[in-house]
Structures are given as C-alpha cells and as structure tokens.
Amino acid sequence: MLADEISQVRRFNRLVTQRAGALNDHFLGRDRPLGESRLLYEVGADGADLRDLRRRLGLDSGYVSRLVQALEEKGLVRVSQGTADQRVRKARLTAAGRREVREMNQRSDEAAAGLLGSLTLAQRTRLVAAMTEVHRLLQLAGLQIERVDPASPDARWCIGQYFDELDRRFESGFDPAASLSAEDRDLIPPRGAFLVASVDGAPVACGAVKSVSPGVGSLKRMWVADTVRGVGIGRRVLEALESQARELGLTTLRLETNQTLHEAIGLYRSAGFREVASFNADPYAHHWFEKFIG
C-alpha cells in the first residue's frame, strides 16, 4: 500500500465530511448533529432493534444509547421492549419523528441537487458515475464474512434469495427438493460450514461447503446479491470457503452448476477450478468442476 494512496484517501474523507455537512452541529439546518439525524433515518418506518442499529452502523452500544436517548428527549422516537425477545429494545418513530424524516429527505434531496447544479451536464455524469463506483468499492472494503448456523435468520434469508434466483433463471424453474440435498447438519463443523457475507450488518452473499467423502468437499449455495455483483465479493466468499475446507481437512473441492449461471462459471474457472466429467446426477447441472486445495 503506497503512501500517496493513503494520503488521497484521507484528502477524500476530509472533503466528503465537509461537503456532506458532517462537521455542522445543525445537520441539514435541523436541531441536531449528523449522528442523531442518521440514526433517526435508520430507525425507518417499521422501527429497528437497537442491536440491529449498532450492527448496521458499526457503533458501540453506549454511543447508540446516547443518540437514542437524545432523540427520545426531543420526542422523535420511543423505545420499548421487543415482542419476540424482551431483552432487545426496539426504537420506533413517533408522529413527530416521521414528519422530521420527511423533512430531512426533502432537504437532503435539495442539498444533493445543489451540489450537482454547480456542475455541467458532463461533469454531473462523471461525478455520479464516480460516486457509484466508490460506493460499490466501499461496500467491498467493509465486507464481513463469518461462519454461521445454516438455520440462522441471515442464512435462511440468503438461501431463500438464492432459490428464488435459480427459479427465475433456470429454463424449467427450480425445485429445491429435486436437487442434491445440503442438510443443515451437513453444513456445520466437523462435516461442513456455512458462510454469510455482510455489508454494514446486511447479508449480501453466502456459500457453503460439505464433506462428501474422505478428503473431498462439495461447494453449495454460492450466491451474491445482484446489487453488489462485479466488485469481487463472490471471489472473497469462494476464498473463504476454500479456507474453511482446509480447516475441515479437505484437499479437493467439487461443484456442479447450471449453464445459465455464466457469472458463476467464469468465477470458478478464474479461481482455478477445472471442468471434469460429471460426478453426480444433479438434474439441474450442466457443468462439473474440481480443484485441488491441499
């Protein structure tokens, strides 16, 4: 990592905090700083558990508690015990809070329009395209990959998204019951592992490995949300799965995939997987791959 790269990142951060008004105690001209305003926005129309807010924003519990208390004192949120888990507190917007969020959204739109309005059409196009790329790369920089219980809510959500996508993309649709099984018990150590990748606490990708014979593992449930494709998240998950496979004592990885999943096929080939003869009877498979990782 070069010193001038670090210096540029720091210059960029200083400029963004200034342009975004993060240094102003009255963010968007309202009676609160950026931290309180951002938390108010994140609570959202459906409310949010304080635990989820901490995870989503990457803040410690004490700071979130102080922000929520300040918003409560201003009558913008109310906090109560969660219905499913009494140990978890949930913040909800009051009527005043909902009005305030609408006002914040309007002022944010006006601020963004003001920023873009000072540029020519060509400059606006360049700036928005650059912001889009920066946003995607910052998502990758903040990626967290962890092994989870395949029965956990995040894992279940990812698998649901994965099945839905296969059903849309396969010519004949997709029936999970017809494909080769990957039971929960096979996706936890010492028989396997299930990984979820998340950005700011929200799951965006998953993948699993399970042992199928001595030294041989099968990759399953590889999925990346289309909103974050193209920046290398799939490769990061694949590398993490290979690491998990080695910890499980596996030396060879195999996988099968459908011909319509062009992105996945390209990823596997570029990651060193070689196409081999079919080694199972998965009804949805057209390609079979293998890689030695020992």
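Between Asp4 and His135, what is the FRET efficiency for a Förster distance of 25 Å, r being their Cβ-Cβ separation, to the nearest 0.05? If you can, show how the numbers build up before the last one.
Details: r = 23 Å, r/R0 = 0.92.
Step by step, r from the Cβ atoms, then E = 0.65.
Once you order the gyration tensor axes a ≥ b ≥ c over the Cα atoms, which shape class does the chain get: rounded for a/c under 1.5, otherwise prolate or oblate by comparing a/b with b/c?
Prolate, because a/c is 1.5 or more and a/b exceeds b/c.
Restricting to DSSP H runs of at least four residues, report the calculated mean residue ellipticity at 222 nm for the chain, -39500 (n - 2.57) per run over all residues, nearest 500 deg cm²/dmol. Don't skip to the answer; put the middle values down first.
Working: 9 runs with 133 residues, N = 294.
One gets -15000 deg cm²/dmol as the mean residue ellipticity at 222 nm.
Per residue of region 91-103, in order, report the coupling 6.51 cos²θ - 1.76 cosθ + 1.60 (Karplus, θ = phi - 60°) as ³J(HN,Hα) in whole Hz, putting x for Gly and Pro.
Computed from phi, the couplings for region 91-103 are 9, 10, 6, 7, 4, 5, x, 5, 5, 5, 5, 4, 5 Hz.
Give me the angle, in degrees from 0 to 90, between the Cα long axis of helix 3-19 and the longest principal axis of the Cα atoms of the chain, rounded to the nearest 10.
Here the helix axis deviates by roughly 50 degrees.
Tell me which of His135, Ile188, Thr17 sits at the most positive position along the dipole axis of the chain, charges placed on C-beta atoms (Lys, Arg +1; Asp, Glu -1).
Selected residue: Thr17.
Of the lysine pairs in the chain, how many meet both conditions: Cα atoms under 19 Å apart, and a spacing of 8 or more in sequence or different chains?
The result is 4.
With a 10 Å radius around each residue's Cβ, average the other Cβ atoms per peptide and rank 200-210, 217-227, highest first.
In decreasing order of mean packing, 200-210, 217-227 become 200-210, 217-227.
Give me the dipole magnitude in Debye, nearest 20, for region 175-278 about the Cα centre, with unit charges on the beta carbon: positive for Lys and Arg, negative for Asp and Glu.
260
Quick check: with the 1.4 Å probe, what order do Lys90, Lys74 take by accessible area, largest first?
From most accessible down to least: Lys74, Lys90.
Using the basic label-point model (7 angstrom from Cα toward the beta carbon), what is the Ser270 to Ser65 distance in nanometres?
4.6
Got a number for the accessible area of Trp157? Probe 1.4 Å, square angstrom, nearest 10.
110
Any chance you could look up the accessible area of His287 with a 1.4 Å probe, heavy atoms only, rounded to 10 Å²?
Surface accessible to solvent at His287 totals approximately 40 Å².
Could you work out which residue, out of Arg124, Arg56, Arg185, moves most in a Gaussian network model of the chain, that is, has the largest mean-square fluctuation with Cα springs under 10 Å?
Arg124
Run the 1.4 Å probe and let me know the accessible area of Asp164, rounded to the nearest 10 Å².
Answer for Asp164: close to 80 Å² accessible.
How many angstrom separate the Cα center of region 94-157 from the Cα center of region 177-201?
Here the two parts' Cα centres lie 30 Å apart.
Given a 10 angstrom Cα cut-off, can you work out which residue in Ala70, Ala155, Ala178 is the most mobile in a GNM of the chain?
Ala178
Using +1 at the Cβ of each Lys and Arg and -1 at the Cβ of each Asp and Glu in region 147-294, identify which of Val224, Ser270, Ala177 lies farthest towards the dipole's positive end.
Positive-end residue among those listed: Ser270.
Considering only DSSP beta bridges where both residues belong to the chain, give the percentage that are antiparallel (nearest 5).
90
Once you order the gyration tensor axes a ≥ b ≥ c over the Cα atoms, which shape class does region 1-134 get: rounded for a/c under 1.5, otherwise prolate or oblate by comparing a/b with b/c?
Prolate, because a/c is 1.5 or more and a/b exceeds b/c.
The values are calculated or read from the model by the stated rules, or taken from the named source; none is laboratory data. Not measured: the values here are computed from a predicted model. When we count neighbours, we look across all protein chains shown, and the Cβ atoms used for this are built from the backbone with ideal geometry, even at glycine. Areas reflect the complete protein model, heavy atoms only, side chains present, ligands, DNA and RNA absent. Shrake-Rupley method; radii C 1.70, N 1.55, O 1.52, S 1.80 Å.
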